[in-house]
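Peer 1: Below you'll find the structure I mean.
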Amino acid sequence: MTLLELTSAFGAIAAEGILSEPYAIDKITDFEGRVLEERKPRETEAVPPDLNYLITNLLKAVVNEGTGRGARALGRPLAGKTGTSQDQRDMWFMGFTPDLVCSAWMGYDDFSPLGKKMASGSVLVPWWTQFMKEALKGVPPRDFAVPEGITFVKIDADTGYRALPDCPRIILEAFKAGTEPKDFCPVDHYQYGGAEPQAED
């Protein structure tokens, strides 16, 4: 798969599931400014909005707490995915905000290995972040739109059950409505060294 194809696929996720056919030239005019040919994007729904949001939410976690966390320096909501091919022959970072998708790639044109000490999170993510800071200057930060059919539930990050107040690591997770966990966390976190309950005033 080429960098353009991957960028197009991630662009569909950034665009709430709408895939636009990539093209390079908007229009061609003559010397008097008359339009001789104009290109309009062909758009199709690639992913239903609710499923697309769940994918986006997972990719936000890559930035917030995973291998792409260096991109948090951008200072706005974003999502992305780092990647390193087998034998470390090339590296990728595909990242996007609601307004712009950008992909970074590193590798040799003869497919030689890059070396075991290279990692996309430490090498490509800073490049990507620097470019996006310039590209999004003057664009107000905004979060990804939440479509109908999505519900948010507080989850115990260690067990995947609905969180109770004594759970030490609680995250707010998105689910397709009707698929969210119904059972509460069965673990006694105090017994296993969890935080002691706070005295109420």
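Peer 1: Can you work out which of the residues in the stretch 160-181 that are modelled with pLDDT of 95 or more and of a type in the set (Lys, Arg) is surrounded by the most Cβ atoms within 10 Å (Cβ to Cβ)?
Peer 2: Arg162
Peer 1: If you scan the stretch 124-149, which residues turn out to be among the hydrophobic types (A, V, I, L, M, F, W, C) and crowded, with 18+ Cβ neighbours inside 10 Å?
Peer 2: In the first step, residues of the stretch 124-149 are kept if they are among the hydrophobic types (A, V, I, L, M, F, W, C); the result is 124-125, 127-128, 131-132, 135-136, 139, 144-146.
Leu124, Val125, Trp128, Met132, Leu136, Phe144, listed by residue number.
Peer 1: Also: Could you tell me which residue of the stretch 104-119 is modelled with the lowest pLDDT, considering only residues that are surrounded by 15 or more Cβ atoms within 10 Å (Cβ to Cβ) and over 11 Å from Arg89 (Cβ atoms)? Please lay out each step first, then the result.
Peer 2: Residues of the stretch 104-119 that are surrounded by 15 or more Cβ atoms within 10 Å (Cβ to Cβ), as a first pass: 104-107, 114, 118-119.
Applying the additional criterion that residues be over 11 Å from Arg89 (Cβ atoms) yields 104-105, 119.
Numbers: Ala104: 94, Trp105: 93, Ala119: 82.
Selected residue: Ala119.
The rows are residues; the columns are (1) closer than 18 Å to Val125 by Cβ; (2) in contact (Cβ under 8 Å) with a residue 60 or more places away in the chain.
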position	(1), (2)
Phe10	yes, yes
Gly33	no, no
Arg39	no, no
Gly66	yes, no
Arg89	no, no
Ala104	yes, no
Asp110	no, no
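Peer 1: Would you check which residues across the stretch 4-57 are outside any strand (DSSP E or B) and among the charged types (D, E, K, R) and list them? Let's see the steps before the verdict.
Peer 2: If we filter the stretch 4-57 for residues that are outside any strand (DSSP E or B), which is where we start, we get 4-17, 21-26, 30-34, 39-42, 46-57.
Of everything in the stretch 4-57, those that are outside any strand (DSSP E or B) and among the charged types (D, E, K, R) turn out to be Glu5, Glu16, Glu21, Asp26, Asp30, Glu32, Arg34, Arg39, Lys40, Arg42, Asp50.
Peer 1: Identify all residues within the stretch 153-193 that are in a strand (DSSP E or B) and touching a Ser or Thr at 6+ places or on another chain (Cβ under 6 Å); write none if there are none. Break it down stepwise before answering.
Peer 2: From the stretch 153-193, those in a strand (DSSP E or B) are 153-156, 162, 170-176, 184; that's our starting set.
Within the stretch 153-193, just Phe175 meets the criteria.
Peer 1: Still on this structure, I have one more. Please work out if Gly11 is within 30 Å of Tyr53 (Cβ to Cβ), out of contact with any Asp or Glu (no Cβ under 9 Å at 6 or more places or on another chain), in the same structural domain as Ser103 (by TED's automatic domain parsing) and not hydroxyl-bearing (Ser, Thr, Tyr). Walk me through it before giving the result.
Peer 2: Details: within 30 Å of Tyr53 (Cβ to Cβ): yes; out of contact with any Asp or Glu (no Cβ under 9 Å at 6 or more places or on another chain): yes; in the same structural domain as Ser103 (by TED's automatic domain parsing): yes; not hydroxyl-bearing (Ser, Thr, Tyr): yes.
Yes.
Peer 1: Now for a separate question. Exactly one of these conditions fails for Ala71: (1) farther than 29 Å from Ala177 by Cα; (2) surrounded by fewer than 19 Cβ atoms within 10 Å (Cβ to Cβ). Give me its number.
Peer 2: Among (1) farther than 29 Å from Ala177 by Cα; (2) surrounded by fewer than 19 Cβ atoms within 10 Å (Cβ to Cβ), Ala71 violates only (2).
Peer 1: Residue check: is Gly95 modelled with pLDDT under 95, assigned by TED's automatic domain parsing to the domain that holds Glu16 and not charged (D, E, K, R)? Please lay out each step first, then the result.
Peer 2: Working: modelled with pLDDT under 95: no; assigned by TED's automatic domain parsing to the domain that holds Glu16: yes; not charged (D, E, K, R): yes.
Taking the combined requirement at face value, the residue does not satisfy it.
Peer 1: Looking at (1) at pLDDT 95 or above; (2) loosely packed, with under 15 Cβ neighbours inside 10 Å; (3) under 16 Å from the mean Cα position of the chain (by Cα), can you tell me which one Pro48 breaks?
Peer 2: Failed condition: (3).
Peer 1: For Ile18, indicate whether it is at negative phi, surrounded by 17 or more Cβ atoms within 10 Å (Cβ to Cβ) and touching a helix residue (DSSP H, G or I) at 6+ places or on another chain (Cβ under 8 Å). I'd like the intermediate steps shown before the answer.
Peer 2: Working: at negative phi: yes; surrounded by 17 or more Cβ atoms within 10 Å (Cβ to Cβ): yes; touching a helix residue (DSSP H, G or I) at 6+ places or on another chain (Cβ under 8 Å): yes.
Taking the combined requirement at face value, the residue satisfies it.
Peer 1: Given the conditions (1) over 16 Å from Leu6 (Cα atoms); (2) in contact with a helix residue (DSSP H, G or I) (Cβ under 9 Å, 6 or more places away or on another chain), which single one is not true for Ser112?
Peer 2: (2)
The values are calculated or read from the model by the stated rules, or taken from the named source; none is laboratory data. Since we're looking at a predicted model, the values are computed, not measured. Cβ sites come from the backbone with ideal geometry, for glycine too, and all protein chains shown count toward neighbours.
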